[in-house]
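Inspection log for the structure reproduced underneath, given as structure tokens.
The values are calculated or read from the model by the stated rules, or taken from the named source; none is laboratory data. Note that the coordinates shown come from a computational prediction; the quantities given were computed from them, not determined experimentally. FYI the Cβ positions are ideal-geometry reconstructions off the backbone, even for glycines, and counts take in every protein chain you see.
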Amino acid sequence: MPSHSSTYEERVQNFSNPTARSLLEIMSRKKTNLCISVDVTTKASLLRIVDAAGPSVCVVKTHIDIVEDFDQDLIDQLQQLSKKHDFLIFEDRKFADIGNTVTLQYSRGVHRISSWSHITNAHIVPGPGVISGLARAGQPLGRGLLLLAEMSSAGALTTGDYTKTAVKLANEHSDFVIGYIAMSRQGVQSDSDKDFLILTPGVGLDTKGDGLGQQYRTPSEVIFDSGCDVIIVGRGIYGKGEGNDDESIRRESERYRREGWEAYESRCKS
């Protein structure tokens, strides 16, 4: 795996996948490695938070199936905000079924995820078929897939051989798999010269846990110490429930963007 001391801009050439290349270009252009995770249950709150945080982020992560008043207009407006603020959309679907089923879950049904989400992710429990099934729908659209190699929740079973298998499958499908959900670069290290992006949840500046198993680390611990690429932050930015006021969201988004970017710049110099 290439050195994590390379800049995001330098790493663009390591990827053939258009989504991976686009993400690295956005990160360089906007000077941000922040992904906001927007876990709210109404269309209005989702769009409001995304619009407020948009200038500071490279990725917006959604759980679209928790939005109670979901409709196509939500997707249309989310795509407009993606263009307005220059970020990618990541639907955190965590696919985990056989190939034919995930093809349909990804491309059909109410949400039609492949039509609007640049990035999605999958568990490797079903084996390589989950990747080929998602690639059938997503690859013609230039989409990118993340594999869940490690998770931030206490007691997670994504360790040892499970993580090693995720790395093996990523290397075998690197035209579609662009990286991992993982806690450290060391955890997904391989002998391959292929480059993969590492997006890391469980990032917080003001708390170490949420009482439900989530464990938090600082942006510096994730980016500088652990060599990851993108910090995923949710409630630390917008608070609880349906979100804080817009000014608070803008302020906290910028705070996390700054902390993450400074950690990245320090890493590149080390």
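For the stretch 86-115, which positions are over 16 Å from L74 (Cβ atoms), small (G, A, S) and not in a loop (DSSP other than H, G, I, E, B)?
Answer for the stretch 86-115, where residues must be over 16 Å from L74 (Cβ atoms), small (G, A, S) and not in a loop (DSSP other than H, G, I, E, B): G99, S107, S114.
Could you please tell me which pairs satisfy a Cβ distance under 7 Å, a separation of 6+ or placement on different chains, a first residue in the stretch 175-189 that is under 13 Å from I119 (Cα atoms) and without any contact (Cβ under 8 Å) to a residue 60 or more places away in the chain, and a second residue that is assigned to a strand (DSSP E or B) and among the β-branched types (V, I, T)?
So the pair list comes out as Y180/I198.
For R235, state whether it is within 16 Å of T218 (Cβ to Cβ) and modelled with pLDDT under 95. Break it down into steps so the answer makes sense when it comes.
Values: within 16 Å of T218 (Cβ to Cβ): yes; modelled with pLDDT under 95: yes.
Yes: the conditions hold for R235.
For the stretch 136-148, give me each residue that is more than 13 Å from the chain's Cα centre (by Cα) and either without any contact (Cβ under 8 Å) to a residue 24 or more places away in the chain or more than 17 Å from I89 (Cα to Cα) (or both).
R136, P140
Suppose we keep only residues that are within 19 Å of the chain's Cα centre (by Cα) and surrounded by fewer than 17 Cβ atoms within 10 Å (Cβ to Cβ) within the stretch 87-110. Which one would you say is nearest to H63 (Cα to Cα)?
Among those that are within 19 Å of the chain's Cα centre (by Cα) and surrounded by fewer than 17 Cβ atoms within 10 Å (Cβ to Cβ), it is K94.
Can you report the number of residues in the stretch 58-81 which are assigned to a helix (DSSP H, G or I) and either of a type in the set (F, W, Y) or out of contact with any Gly (no Cβ under 9 Å at 6 or more places or on another chain) (or both)?
Here is the first cut: in the stretch 58-81, the ones assigned to a helix (DSSP H, G or I) are 64-66, 72-81.
Filter again for either of a type in the set (F, W, Y) or out of contact with any Gly (no Cβ under 9 Å at 6 or more places or on another chain) (or both), leaving 64-66, 72-80.
Qualifying residue count for the region: 12.
Which ones in the stretch 116-154 are polar (S, T, N, Q), in a helix (DSSP H, G or I) and under 22 Å from Q79 (Cβ atoms)? Walk me through it before giving the result.
Initially, the stretch 116-154 is screened for residues polar (S, T, N, Q), giving 117, 120-121, 132, 139, 152-153.
Narrowing the set further to residues that are in a helix (DSSP H, G or I) leaves 132, 139.
Scanning the stretch 116-154 gives a single hit, Q139.
Looking at the stretch 64-78, can you tell me whether even one residue there is of a type in the set (S, T, N, Q) and in contact with a Phe, Trp or Tyr (Cβ under 6 Å, 6 or more places away or on another chain)? Break it down into steps so the answer makes sense when it comes.
Initially, the stretch 64-78 is screened for residues of a type in the set (S, T, N, Q), giving 72, 77.
Those left that are additionally in contact with a Phe, Trp or Tyr (Cβ under 6 Å, 6 or more places away or on another chain): none.
No - not one qualifying residue is present in the stretch 64-78.
Go through the stretch 8-47 residue by residue and tally those that are more than 23 Å from G142 (Cα to Cα) and among the polar types (S, T, N, Q). Reasoning before the result, please.
From the stretch 8-47, those more than 23 Å from G142 (Cα to Cα) are 31, 38-47; that's our starting set.
Next, only the ones that are among the polar types (S, T, N, Q) stay: 41-42, 45.
So the answer is 3.
Scanning for something in contact with a strand residue (DSSP E or B) (Cβ under 8 Å, 6 or more places away or on another chain), surrounded by fewer than 24 Cβ atoms within 10 Å (Cβ to Cβ) and in a helix (DSSP H, G or I), does the stretch 6-17 turn up at least one residue?
Initial filter on the stretch 6-17 (in contact with a strand residue (DSSP E or B) (Cβ under 8 Å, 6 or more places away or on another chain)): 15, 17.
Still in the list and also surrounded by fewer than 24 Cβ atoms within 10 Å (Cβ to Cβ): 15, 17.
When the remaining residues are screened for being in a helix (DSSP H, G or I), the result is none.
Scanning the stretch 6-17, I find no residue that is in contact with a strand residue (DSSP E or B) (Cβ under 8 Å, 6 or more places away or on another chain), surrounded by fewer than 24 Cβ atoms within 10 Å (Cβ to Cβ) and in a helix (DSSP H, G or I), so the answer is no.
Just need a number here: residues in the stretch 48-76 that are surrounded by fewer than 17 Cβ atoms within 10 Å (Cβ to Cβ) and in contact with a helix residue (DSSP H, G or I) (Cβ under 6 Å, 6 or more places away or on another chain).
The qualifying residues number 2.
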